Every structure is written in C-alpha cells, then in structure tokens.
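Trainee: Before I ask anything, here is the structure I am working with.
The values are calculated or read from the model by the stated rules, or taken from the named source; none is laboratory data. Since the structure is predicted, the reported quantities are computational estimates derived from the model, not experimental observations. Glycine gets a Cβ as well: all are built from the backbone with ideal geometry, and neighbour counts include every protein chain shown.
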Amino acid sequence: MRKHQTLGVYLHAQGVSRRAFLKFCSATASLMALPPSAAAQVAAALAAARRPSVIWLSFQECTGCTESLTRSHAPTLESLIFDAISLDYHHTLQAASGESAEAARIAAMEENEGEYLLVVDGSIPLGNPGYSTIAGMSNLDMLRETAGGAAAIIAVGTCAAFGGIPHASPNPTGAVSVSEIITDKPIVNVSGCPPIPVVITGVLAHFLTFGTLPDLDHLGRPVAFFGQNIHDRCYRRPFYERGQFAHTFDDEGARKGWCLYELGCKGPTTYNACATLKWNEGTSYPIASGHGCLGCSEPDFWDKGSFYTPISAGLWGSRETLIGAAAAGAALGVGSALAARARKKKARAAEEAES
Amino acid sequence: MTLLDFARGPALQWSLIILVFGVLWQLLGTILIGVKKDLSKPRRNTAVRDGLATIATRSLPEHQFEKKIRFQHFSGYAWHVALFIAVLFSAPHILFFESVLGFGWPHLPNGIILVTAAIALAILFALVIRRLSHPVQRLISNADDYISVIVVIVPLVTGMLASAHIGARYETLLAIHFLSVEALFVWFPFGKLMHTALTFPSRFRAGAAFGRRGVKA
Amino acid sequence: MTSLDGIAVKVESATGNVEPLLHEIRHALKRVADGKEGTVIDLRSLPLAPGEEERIEAFLGEGEVRAELDTFGATVFQETSYAGVWLVTHRNMKQAVLTRFIEVTRTPELLKSQRADIERGISRLEDALAASSKVERSRRESVAGQEIKDSG
C-alpha cells in the first residue's frame, strides 16, 4: 500500500469485497467500544483513511506488551490494522538491526514530520543514562528526539503510562512515565500489565479511523475502555452485594465462584475493560479464573501492599507503634492523675496551714 | 501517593496512634485522679452492688419522667444499636478490624448494612433537630456536642456513598470515608465521644457514692 | 486429576443481565414489526457471567435460516426461533470469535449483497461475457476457416 493511498482504494485493489470490509468495520467498531450503529460511520471514515506511519520505541520493559499484542485473539483484524499502518520501527518485530534500524527510524521521522504516531512501551530511567540505551543513545534522548515530530504518543503498558514495575519502590533507576517527560504532545495512556491487546488495537483503530485520539480520563486513558471499574462490570458483583465471599482460594465460596473482595481483589479501584473484553480469545479474565484483580492498570499498583490485602484494610506499619502509643498514653494518664493528686494535697495542706 | 494510599497508610497510622494515646491518657487520668476521702460513716457497705445497680437503673427511663423522655431514650438506644450493627457487621469493616486487631467475625449482607446505616442516620438527624429546637437541650449543648455529631455523621454518609458507588469514583469515596473515620479517631479522646468509655464507670461511681449515703441514685 | 472437569467447581453466578436483554429484544422486535428500524446489540459490551451467553442462546433457540459468510474467517447468521431475531457470530481465520451481535431485523445487513460488490460484479460479468464472446467468435472463425479449407 502506498502511503498516500486511502485504505478503501487499497482494499478494493486487493480484491476485498465490500461485505468483507463491512465485517471488518463492525468488528472494529466493537473493538473501539462503539455502539454497533457506528459501523457505517467507521466504514466511511476508514475507506477514506490514509496510512499513518508508526514508530514504536521500547525502553525499560519486558516485551510483555508486544507479546500481548502479537498474540491477540483477532489476528486477521490486527493484520489488517497493521496493513493499514506503516510500522516503520519496532525493535522486536523489525527485520533490520544496528545502523540500518536506526536509519529507518530517522527516515520515518523525516518523511512524516509532524504526522507520525509514536508508540512507547517501557519506562524511562532518569538516573544513570547508561541504565538503558539503544544504539548508544539513552532512552531519554531517544524519546525526546522521536517525540519532537510526532502527531501524538500512545504510551502502551503501565510502565510507559505510569512508570510501572521499574518505578516501584525504591525505584533504583529513577524510572518515570512518558508523560513526565513529554508535556507538549497529546498522550494516550493504554495501561495494563500487559494491556488488553484489543485495547491497544482499538486505540490504533480510533486514530486510523477518525484521525484523532479518543476521549481520555483524568489519567489520560481512553474512557471507552477505562471508564468503568472492574467491580462495577464484574459478574461476581451480586455476591458482593449479598455478602457472599470466598475466604480462601479453596473453600466453598471459592468453588461456588463468590466475590473475591476478602482475598484482596482490587476490582473496585481498578479501571479497565477486562470484565467485558476478557482475555485469551474472550475466554476469561483473572476474576473469572478464580483470582482477584491485581489492579495492574492503575498507577503504583506494585506498591499498594500485598495483592492479597483487602482494599478496606489499612496499609500501615506495625502494631508495635500502637502498643508504644498505648504505653505513652497510659504513662501520661497516670502521671497527670498523680500530679493532680499532688496539687490537691498541696492545696489542702496550704488551706490547713492558713486555718 | 494517591489520596486513598494516604488515607489507608500514614493518616490511618497517625490517627490510631492519637486515638490509643488519647483514650488511655483520658481514661487513666480520670479514673486515677481519686476523690476526696469520705470521712462519714457509710449507711451501708454495698458499694459494688449499688454501683452495678445504678448502671442498670440509669439504662432505663426514670419512671417519673418516662412520658417526657421516652422518645429521647428509645431513639438513643435505636441509634446506638443501628450504629453498632453498621460498624461491626459490615464485611469491609470486619476486614479492616482484622487488619488492625488480627481477628475477624461473621458479617451481614451489604443490603442489611445499608438499611441499618440509613436508619441510624435518620435517627441521628432527628436527635440533632431536637437538640437544636428544644430550648433546654440547646442551652446545655456546646461546640463539643456538635463537633461530636458531625464526626459521626460524615463517616456514616461517606460509608453509604462508598458502598453504593454514588457521587464520585469508588477510590475517592473510600478515601474520604477513611479520612472521615480518622477525623473521628482523632476527636474521640478529647470530646464527648469519650462517653463510650466513661458512661458505665461514671454511673458505677455515682451509684456507689450515693449508696454509701443511703440515697437512691 | 486429568481434567479440569474433575475439580469440584460449581459456579453459581448470575449478573441479572439476561432478563433485561431478552426484554430489550422484545421491544426491538415490536419496533421492527411496526416497520421501524432494527437494533443491533453487541454481546461483548455486556458483563455476562460464565454460562449466561449460553443461556441467552438456549432461550432464543434455532430458527429456520442459517447462513454462512466466508470472508476473513466464517461469519454465521443464525435466525433464532423468534423470526426477526438473529444471532450473528463473526469469527477470524483461526475460528476464534471476534464479536457476537444480536441483530433484530428482517435481514441482517451483511447478508444483503452490497452495492459496491454488485457494481464490481456487473463489470466482471461484462468482462467475462466479452471474453467469452471473443473466444466464441475466434472459435467460430477458426471453424469457418476450417470449413472453407475443407471445401476448398
């Protein structure tokens, strides 16, 4: 596909029928969490869409986000979307290496100045620049250089969106999120560890379809996918209301599929689409598989105490401090009572002396 | 650190430290202060029995005033019972107590807790309106009474909102609920909420002293 | 234990979303009967407990028509036992379900032949006819040539 050809013309030339294209569009509308009635609108927009250049940078990360995306359950859809974009640079997926890989990035940047989409996974270390480098260039420099000419940035995964696991206390590398460095570009945070693959492609599809970024919440995440918490969309919610909880992972309640709140489920404070989109070809999601939500799409999810501590429990240091406070309080109480007695005795003595 | 992390972490820790410190200070300071030795000959030597009897008799409305104080008396009971059910038998609360005390107990369904909390809130509002409209009650009320009522009302309201997910995002509601309870913890030892700890000891002491003089307490 | 079925898990679950969905279908069907436009419900947009989708399917049952579209993987259009209520399942080339819709309409949009495809069909048909008449003509010409040769 030539860069300035529209997707409609391209698909027509490939012999893709209108009916097949409409099937693709209704699946894409569903992917973007749009109502089914939006499929026609998507079709019209996609037919006229031009192929954007995408540069994908990977910093302090585990490649889990790329794994999630490439193993996603809609390969034909993904391949079409990837056909529809021009992925000009991606460490893990590109064939080129060394100088020629970097040359591809520079070429894509120059050719599409101000128009390309930058996707970032991984956090950026602000400590020693040597903690993470690519072709001798620090992550910070590469991000700044590449973000300069980008139309928008998609921060994929909790590391790029909020710092993620590298940012976990004590944050040895001084890891930060993309938005802490780049402040003059539109940024979409697609958080999750990893993010739901269809959410990544959903955001790409939105950009491809409408040429704009979707509506975002206060943490910069697309509202269509992160607008509701797991708890509100959870099929186990009725058990919460009825007060039916699993107390351990193998008790009666666990076997009956009751609510996992007591086992530390972070569903009530976690915003993501797992409960409806689900994972592994729509098979399941953690709660449906019997484990509470870890809250992986929220900032600092790694530093919120144990995954198995219920969210209504305190996250506090020790009982020893309370015992200390009790001892100090008791000492002060006894002391003040004794002092008061002494004062009274003295006053009485003075009274007697006077009389 | 998010508001919820702050509320569940340092704010909780410090409010509990103040609560425990303050309660023991106030309690021991009050109990050990001692009273002037009564040199008179006791009419009877039944101090413990008289003390316990007074705890019981003052827990029922005084016969002569029964008509006048019936509403006040029984709405007070209903308020306390409803509050205790909502506080002690809500599943999230028990998990909280378990995290502080190290043990838990069975809970009631959410729906029952919500209804109980609503009843408690309605009674408390009625009592506050009465306090404001009744000339004598208004005269004997001071800032302490109103602050104590507010620090109890706010956790009740925020708890119900958090439970029903109304008004804001759950984590915000939960954080505000935590913080409001922490405000209660901090105020508790220094205001009239200390009646929780002092009601029965003071009834006992009054009963014992009156009994010594052969007077009905 | 060799199979997951061997674990004594008996999930009790109900989101309470099944009945409202069925009522929504009833309202949508009435609108179609009144000549108004149809409704499409994306099953992925609803939180459903394990087994609830199957419950919906079982409740709706299977009707007279079943059509299959073969493009980027199979799409099955199954009319349910309630005429006008269709269960549309889009699959990808690996047979994994992409999306599932309940379409309440006389005929699902994708079953209809599309104008662009019809137009393309016309030009292909014209090309094919032109090509075949060309072949026919050349065959006739060669036969005629042969006849002339034979008679000559």
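Trainee: Which one is nearest to B:Leu95 (Cα to Cα), of the residues in the stretch A:295-324 that are touching a residue at least 12 places away in the same chain (Cβ under 8 Å) and of a type in the set (Asp, Glu)?
Mentor: A:Asp303
Trainee: Do any helices (runs of 4 or more DSSP H) entirely within the stretch B:1-87 hold 1 or more residues that are more than 30 Å from A:Ser312 (Cα to Cα) and modelled with pLDDT of 85 or more, and if so, which? Outline the logic, then answer.
Mentor: Working: elements: B:3-8, B:10-31, B:47-57.
Because the criterion is at least 1 residues that are more than 30 Å from A:Ser312 (Cα to Cα) and modelled with pLDDT of 85 or more, the helices (runs of 4 or more DSSP H) in the stretch B:1-87 that meet it are B:10-31, B:47-57.
Trainee: Moving to a separate point now. Residues that are surrounded by fewer than 21 Cβ atoms within 10 Å (Cβ to Cβ), touching a helix residue (DSSP H, G or I) at 6+ places or on another chain (Cβ under 6 Å) and at pLDDT 80 or above: does the stretch A:3-13 have at least one? Show your work before the answer.
Mentor: Of all residues in the stretch A:3-13, those surrounded by fewer than 21 Cβ atoms within 10 Å (Cβ to Cβ) come to A:3-6, A:8-10, A:12-13.
Next, only the ones that are touching a helix residue (DSSP H, G or I) at 6+ places or on another chain (Cβ under 6 Å) stay: A:6, A:8.
Those left that are additionally at pLDDT 80 or above: none.
Looking for residues that are surrounded by fewer than 21 Cβ atoms within 10 Å (Cβ to Cβ), touching a helix residue (DSSP H, G or I) at 6+ places or on another chain (Cβ under 6 Å) and at pLDDT 80 or above, one finds none in the stretch A:3-13, hence no.
Trainee: Something else now. Take the residues in the stretch C:49-96 that are of a type in the set (S, T, N, Q) and either surrounded by fewer than 20 Cβ atoms within 10 Å (Cβ to Cβ) or more than 14 Å from every other protein chain (Cβ to nearest Cβ) (or both); name whichever of them is farthest from the chain's Cα centre (by Cα).
Mentor: First, the residues of the stretch C:49-96 that are of a type in the set (S, T, N, Q): C:71, C:75, C:78, C:80-81, C:89, C:92, C:95.
This time we only want the ones that are either surrounded by fewer than 20 Cβ atoms within 10 Å (Cβ to Cβ) or more than 14 Å from every other protein chain (Cβ to nearest Cβ) (or both), so: C:71, C:78, C:80-81, C:89, C:95.
On the way: C:Thr71: 10, C:Gln78: 8, C:Thr80: 13, C:Ser81: 17, C:Thr89: 7, C:Gln95: 14 Å.
Within the stretch C:49-96, the match that is farthest from the chain's Cα centre (by Cα) is C:Ser81.
Trainee: Just to verify a result, which residue in the stretch A:312-327, among those that are facing chain B (nearest Cβ under 7 Å) and not in a helix (DSSP H, G or I), is surrounded by the most Cβ atoms within 10 Å (Cβ to Cβ)? Step through it out loud before you land on a result.
Mentor: So in the stretch A:312-327, the residues facing chain B (nearest Cβ under 7 Å) come out as A:312-317, A:321-322, A:325-326.
This time we only want the ones that are not in a helix (DSSP H, G or I), so: A:312-317.
Numbers: A:Ser312: 23, A:Ala313: 21, A:Gly314: 20, A:Leu315: 20, A:Trp316: 21, A:Gly317: 12.
If we take residues in the stretch A:312-327 being facing chain B (nearest Cβ under 7 Å) and not in a helix (DSSP H, G or I), then A:Ser312 is surrounded by the most Cβ atoms within 10 Å (Cβ to Cβ).
Trainee: Examine the stretch B:177-192 for a residue that is polar (S, T, N, Q) and modelled with pLDDT of 95 or more, and state whether such a residue exists.
Mentor: At the first step, the residues of the stretch B:177-192 found to be polar (S, T, N, Q) are B:180.
Okay, now just the ones that are also modelled with pLDDT of 95 or more, so B:180.
Yes; the residues of the stretch B:177-192 include at least one that is polar (S, T, N, Q) and modelled with pLDDT of 95 or more.
Trainee: Which ones in the stretch B:27-58 are at the interface with another protein chain (Cβ under 7 Å from one of its Cβ atoms) and in contact (Cβ under 8 Å) with a residue 40 or more places away in the chain?
Mentor: Our first condition is that a residue be at the interface with another protein chain (Cβ under 7 Å from one of its Cβ atoms); within the stretch B:27-58, this holds for B:27-29, B:32-34.
Listed by number, the list holds a single entry, B:Leu27.
Residues checked against (1) surrounded by fewer than 23 Cβ atoms within 10 Å (Cβ to Cβ); (2) under 14 Å from the mean Cα position of the chain (by Cα); (3) free of Cβ contacts under 8 Å to residues at least 40 places away in the same chain:
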position	(1), (2), (3)
A:Leu93	yes, no, yes
A:Ala104	yes, no, yes
A:Glu111	yes, no, no
A:Asn128	yes, no, no
A:Ile134	yes, no, no
A:Glu145	yes, no, yes
A:Gly149	yes, no, no
A:Ile181	yes, no, no
A:Val198	no, yes, no
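Trainee: Turning to a different aspect of this structure: Is there any pair with a first residue in the stretch A:328-345 that is more than 7 Å from every other protein chain (Cβ to nearest Cβ) and a second that is exposed (fewer than 14 other Cβ atoms within 10 Å of the Cβ) whose Cβ atoms are under 9 Å apart and which are 6 or more apart or on different chains, and what are they?
Mentor: A:Lys344/B:Gly34; A:Lys344/B:Lys36
Trainee: Under 6 Å between Cβ atoms, at least 6 apart or on separate chains: pull out the pairs that start in the stretch B:1-26 with a residue that is small (Gly, Ala, Ser) and end on any residue that is part of a helix (DSSP H, G or I).
Mentor: B:Ala7/B:Ala175; B:Ala7/B:Phe178; B:Ala7/B:Leu179; B:Ala11/B:Glu182; B:Ser15/B:Glu182; B:Ser15/B:Phe185; B:Ser15/B:Val186; B:Gly22/B:Pro189
Trainee: Does the stretch C:21-31 include one or more residues that are in a loop (DSSP other than H, G, I, E, B) and surrounded by 17 or more Cβ atoms within 10 Å (Cβ to Cβ)? Working first, answer last.
Mentor: Our first condition is that a residue be in a loop (DSSP other than H, G, I, E, B); within the stretch C:21-31, this holds for none.
No, the stretch C:21-31 contains no residue that is in a loop (DSSP other than H, G, I, E, B) and surrounded by 17 or more Cβ atoms within 10 Å (Cβ to Cβ).
Trainee: Please determine whether any residue of the stretch C:124-142 is without any contact (Cβ under 8 Å) to a residue 40 or more places away in the chain and closer than 14 Å to A:Ser26 by Cα. Full working, then the answer.
Mentor: Quick first cut of the stretch C:124-142, residues without any contact (Cβ under 8 Å) to a residue 40 or more places away in the chain only: C:124-142.
Now drop any that are not closer than 14 Å to A:Ser26 by Cα, which leaves none.
Within the stretch C:124-142 (the criterion being without any contact (Cβ under 8 Å) to a residue 40 or more places away in the chain and closer than 14 Å to A:Ser26 by Cα), the answer is no, since none of the residues qualifies.
Trainee: Would it be correct to say that C:Thr99 is within 12 Å of another protein chain (Cβ to nearest Cβ), surrounded by 12 or more Cβ atoms within 10 Å (Cβ to Cβ) and closer than 30 Å to A:Ser284 by Cα?
Mentor: Values: within 12 Å of another protein chain (Cβ to nearest Cβ): yes; surrounded by 12 or more Cβ atoms within 10 Å (Cβ to Cβ): yes; closer than 30 Å to A:Ser284 by Cα: yes.
The answer is yes for C:Thr99.
Trainee: Something else: Which residues, counting only those in the stretch B:174-217, are charged (D, E, K, R) and touching a residue at least 24 places away in the same chain (Cβ under 8 Å)?
Mentor: B:Glu182, B:Lys192, B:Arg203, B:Arg205, B:Arg212, B:Arg213
Trainee: Here's a check for you: in the stretch A:214-235, which residue that is away from chain C (no Cβ under 14 Å) and of a type in the set (D, E, K, R) is nearest to B:Thr172 (Cα to Cα)?
Mentor: Filtering the stretch A:214-235 for residues that are away from chain C (no Cβ under 14 Å) and of a type in the set (D, E, K, R), the one nearest to B:Thr172 (Cα to Cα) comes out as A:Asp217.
Trainee: Which of the residues spanning the stretch C:28-87 are among the aliphatic types (A, V, I, L, M) and farther than 26 Å from A:Ala288 by Cα?
Mentor: C:Ala28, C:Leu29, C:Val32, C:Ala33, C:Val40, C:Val65, C:Ala67, C:Leu69, C:Ala74, C:Val76, C:Ala83, C:Val85
Trainee: Another question about this same structure. Could you tell me which residue of the stretch A:5-64 is farthest from A:Asn139 (Cα to Cα), considering only residues that are of a type in the set (Phe, Trp, Tyr) and more than 8 Å from chain C (Cβ to nearest Cβ)? If you could, list the steps in order and put the result at the bottom.
Mentor: Restricting attention to the stretch A:5-64, the residues satisfying the condition of being of a type in the set (Phe, Trp, Tyr) are A:10, A:21, A:24, A:56, A:59.
Going one step further and asking which of them are more than 8 Å from chain C (Cβ to nearest Cβ), we end up with A:10, A:21, A:56, A:59.
Numbers: A:Tyr10: 36, A:Phe21: 39, A:Trp56: 13, A:Phe59: 6 Å.
Once the filter is applied, the top-ranked residue is A:Phe21.
Trainee: Out of A:Ile187, A:Ile182, A:Ile165, A:Ile153, which single residue is of a type outside the set (Asp, Glu), in contact with a helix residue (DSSP H, G or I) (Cβ under 8 Å, 6 or more places away or on another chain) and either under 18 Å from A:Gly64 (Cα atoms) or outside the structural domain of A:Tyr89 (by TED's automatic domain parsing) (or both)?
Mentor: Working: A:Ile187 fails: either under 18 Å from A:Gly64 (Cα atoms) or outside the structural domain of A:Tyr89 (by TED's automatic domain parsing) (or both); A:Ile182 fails: either under 18 Å from A:Gly64 (Cα atoms) or outside the structural domain of A:Tyr89 (by TED's automatic domain parsing) (or both); A:Ile153 fails: either under 18 Å from A:Gly64 (Cα atoms) or outside the structural domain of A:Tyr89 (by TED's automatic domain parsing) (or both).
Criteria check complete, one pass: A:Ile165.
Trainee: How about the stretch A:236-269: which of its residues are part of a loop (DSSP other than H, G, I, E, B), more than 9 Å from chain B (Cβ to nearest Cβ) and more than 18 Å from B:Phe96 (Cβ to Cβ)? Even if it seems obvious, please write down each step before you answer.
Mentor: Looking only at the stretch A:236-269, we keep the residues that are part of a loop (DSSP other than H, G, I, E, B), and these are A:236, A:243-244, A:246-251, A:256-258, A:260, A:264-266.
Add one more test, that the residue is more than 9 Å from chain B (Cβ to nearest Cβ), and what stays is A:236, A:246-251, A:256-258, A:260, A:264-266.
Answer for the stretch A:236-269, where residues must be part of a loop (DSSP other than H, G, I, E, B), more than 9 Å from chain B (Cβ to nearest Cβ) and more than 18 Å from B:Phe96 (Cβ to Cβ): A:Arg236, A:Ala246, A:Thr248, A:Phe249, A:Asp250, A:Asp251, A:Lys256, A:Gly257, A:Trp258.
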